[in-house]
1. Along the principal axes of its C-alpha atoms, what lengths does segment A:101-164 span, in descending order and rounded to whole Å?
2. Which ordering of B:42, B:126 is given by a fewest-first count of other beta-carbon atoms within 10 Å?
3. Considering every residue in A:111-122, what mean count of other chain Cβ atoms within 10 Å of its Cβ is obtained?
4. Tell me, B:31, B:230 in order of fewest to most beta-carbon neighbours within 10 Å?
5. Can you list the trypsin sites (Lys or Arg not before Pro) in segment A:80-162 that are in a DSSP coil and have 16 or fewer other beta carbons within 10 angstrom?
6. Counting C-alpha atoms alone, how compact is chain A: give Rg to one decimal and Dmax as a whole number, in angstrom.
7. Okay, helix-only estimate at 222 nm for chain B: each DSSP H run of n ≥ 4 adds -39500 (n - 2.57), divide by all residues, round to 500 deg cm²/dmol; what do you get?
8. Between B:49, B:57, B:104, which gets the highest mean-square fluctuation from a Gaussian network model of chain B, Cα cutoff 10 Å?
Amino acid sequence: MSQIKEVVAPQSPAPDDIAVSARNITKNYGDVEALKDLTLEFPRGQLTSLLGPSGCGKTTLLKIIAGLLQPTSGNIEVNGKPVTGPGPNRAFVFQDFALLPWASVMRNVAFGLELRGVAKSEREDVAAKYIGDVGLAGFEKSYPHELSGGMRQRVGLARALAVDAKVLLMDEPFSAVDEQTRRKFQEDLLSLVENENKTFIFVTHSIEEAVYVSDQIAILLPRPSRVSEIIRPSGFRNKGADSIRRDSEYLDIVDNIWASLRNYVE
Amino acid sequence: MKIYGYRLPAMSSLILWGILWEVVGQTGVTFFVPPLSDVLVTLYSMIGTTSFTRALTETGYAFIISIFIAITIGIPVGILMGRSRLLDELLLPWVNVFLSAPLTALVPVLMVLFGFGMKAIVITTTLFAIWIIILNSRAGVRQINRSLVEMAHSFGASPVDAFFKIYFWAALPEILGGVRIGTIRAVKGIIIGQLLISIVGFGALFELYSANFLMSHFWAVLIVLFALAFSISEFLAFLERKVAYYAAKR
């Protein structure tokens, strides 16, 4: 298993290639330690998954990176600048989509720009482009309740893309859509990572999903919450979306991760 | 409802009750219930008389001011209570007390404080309407999906933006429900005010007609009042239905 690195001290690529770094993050909720002294780096232009059993603090870490939660101690840097709150260099994709139910697809996708004070015609031009990109052209005037779960998450994705943040934070974005839609999403995500020059941080509880889409997988374990392993699948990434699931390296990594996680699943 | 495949228009049961009223009235069992036709004739002759127009304007004026105050104070207070734990702890007991308190019993106190004029009537009416508006706005804000709030925050919404673009709209179905119930309570409040504080408006007409046993006049005014309250309430219910498409999917 040469491609699986046991990480004692994380091997750091050149600092320029790190888009986001989390240093010594601790987060306590009262007496509960959600994260303990967690250090992790996210390479630029790549997709890093945070994978782990429930309660391991992966969503907490994502929200700290987003600036939605403050760490008890430790700091986050995005492109070398410390994070103190939400900022335009990061965009969030929510598990439950978080769309405005009273607003059309167009307004929802443009909402991030609306909050930044971009003029209506301008932001709608941008939104229209991303609505097309995620495959929702023709649904601009629809309302969220008229769309399927998968289409709603495409709206959420388009909204995050429309603000053109360099870092995309995705909190279990495909967990509320059905299996077939999820597979389509995962394939689309691969081409998104390839074509958009963005850094993706992706929280998931699905091992297969993490291995399928990630350049780097950080395995988080609970009690105390920590990064136990960083895996960088290398062999199958360029073989094309169709053959990944049959690749032996893919299957080995999935098995190995399961082997290390199974003890933590109640 | 459908009868023999024919769809009855809304409120058609009123026709049945109207007929019953007419029949009871025609039998003349009690002076208290004159035939509906007499009442309608009286109503027709009353409309346009100075006393009626004056009652309508006096009542309408006080009513609109009261509802306006109740809404402009009630909705923001309710939203703020839903957002701020401290404000909620401070105000919620009072809101609940006044919501269930027999406000009529407070009217003499209000008279002492605010005199016997329009001011006391407006305050009484506002007090009838405002509490349920506050409580409903609060409930509306409290059920907002957490991730909508996080979404606004993560895309950099200012507190003002969040208030007008998220909280208000997300709470709108409940707010409208509160305004509708508050308005109906205000109708009650204004008549009580007009009867107890100063004998003006429709209150004065009720007083006059019932004291002189002019029952068909009495019923005519009641029908006018009912029709007014009903149309306002139906209008607000119509607005509520406008936002119902997202009320269930927030």
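1. 29, 23, 17
2. B:42, B:126
3. 3
4. Neighbour counts put them in this order, fewest first: B:31, B:230.
5. A:116, A:141
6. 18.3, 54
7. That comes out to -26000 deg cm²/dmol.
8. B:49
We did not get these values from a lab; they are worked out from the coordinates using the rules stated. Since the structure is predicted, the reported quantities are computational estimates derived from the model, not experimental observations. For neighbour counting, all protein chains shown are included, and Cβ atoms are generated from backbone atoms with ideal geometry for every residue, glycine included.
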